[in-house]
Each structure stands twice: as C-alpha cells, then as structure tokens.
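J.: Sharing a structure, written as structure tokens. Questions coming.
The values are calculated or read from the model by the stated rules, or taken from the named source; none is laboratory data. Treat the numbers as computed from the prediction; the structure is a model and nothing was measured. Cβ sites come from the backbone with ideal geometry, for glycine too, and all protein chains shown count toward neighbours. Please note that ligands, DNA and RNA were not included when accessible areas were found on the heavy atoms of the full protein model with its side chains. Shrake-Rupley method; radii C 1.70, N 1.55, O 1.52, S 1.80 Å.
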Amino acid sequence: RERKIKATIPERADQIARRKAKGSTGGRPPAFDPDLYKLRNVVERCFNRLKQFRGLATRFAKRAAYHRAEIILACIVLHLR
C-alpha cells in the first residue's frame, strides 16, 4: 500500500475476519479487481506451460537470440496442441 500498488490476489478469509474483529482500527481492505485477477491467472498458466520445456526452464541457451528462438518454438508447439 505504501508504494500505491494495487493487490491482484484476493484477501484470505482469516485476514478478512481478523480485520473485521479489530473494528475501526482494522484498516480498510485492499482493492481487489477480479477481472485483473483473471488476466493474471492466464499469464501465470502460460508461464507454467512454457516451463515444461526443459531448455527454457534451465536456460541452456546462453545467447539471448537462441533463448528467444526457444520461446517462440515453444509457443508455436503449445499453440498447435
């Protein structure tokens, strides 16, 4: 909150209950945008699928151009599945 970054994950149930138990000193809940959370989930799932390619996960390619080529090939393979 100090850095003015909005939360993109929902608050846990125990945190909500604790804040409500504290009453007015509990502060206000962080702003949560469910649409932004859905987009974040899509991106995270994409990264996890790309990590299944061993060469990408371990970064065998030392040059940026080769690494980019591996990413493009992995994206093509995932798209064609």
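J.: Kindly write out, for region 67-81 in residue order, the coupling ³J(HN,Hα) from the Karplus curve 6.51 cos²θ - 1.76 cosθ + 1.60 (θ = phi - 60°), rounded to whole Hz, with x marking Gly and Pro.
T.: Computed from phi, the couplings for region 67-81 are 5, 5, 5, 4, 5, 5, 5, 5, 5, 5, 4, 5, 5, 7, 5 Hz.
J.: Next question. Give me the number: length gained by fully extending LEU36 to ILE72, i.e. 0.36 nm times residue separation minus the C-alpha to C-alpha distance, one decimal in nm.
T.: 10.4 nm
J.: Sticking with this structure for a sec: Suppose each label sits 7 Å from its Cα in the direction of the beta carbon; what would the ARG81-ARG54 distance come out to in nanometres?
T.: Roughly 1.7 nm, to one decimal.
J.: Give me the net charge of ARG18's neighbourhood, meaning all other residues with Cβ under 13 Å from the Cβ of ARG18; Lys, Arg count +1, Asp, Glu -1.
T.: Summing Lys and Arg as +1 and Asp and Glu as -1 gives +2.
J.: Which of the lysines could a cross-linker span from LYS6 if the Cα-Cα distance has to be under 25 Å and same-chain partners fewer than 8 positions apart are dropped?
T.: LYS20, LYS22, LYS38
J.: If you take the beta carbon distance between CYS46 and SER24 as r and set R0 to 35 Å, what does 1/(1 + (r/R0)^6) give as a FRET efficiency, to the nearest 0.05?
T.: Result of the calculation: an efficiency of 0.25.
J.: While we're on this one: Which whole-Hz ³J(HN,Hα) couplings does region 24-34 yield from phi under the Karplus relation 6.51 cos²θ - 1.76 cosθ + 1.60, θ = phi - 60°, glycine and proline marked x?
T.: Residue by residue, region 24-34 yields 5, 8, x, x, 9, x, x, 5, 10, 10, x Hz.
J.: Okay, next question. Would you work out what percent of the accessible area of the chain, with all protein chains in place, is carbon or sulfur (probe 1.4 Å)?
T.: Solvent-exposed carbon and sulfur of the chain make up 58 percent of the total.
J.: Hey, another quick one. Over the chain, give the accessible area per residue in Å² for a 1.4 Å probe, as an integer.
T.: On a per-residue basis, 91 Å².
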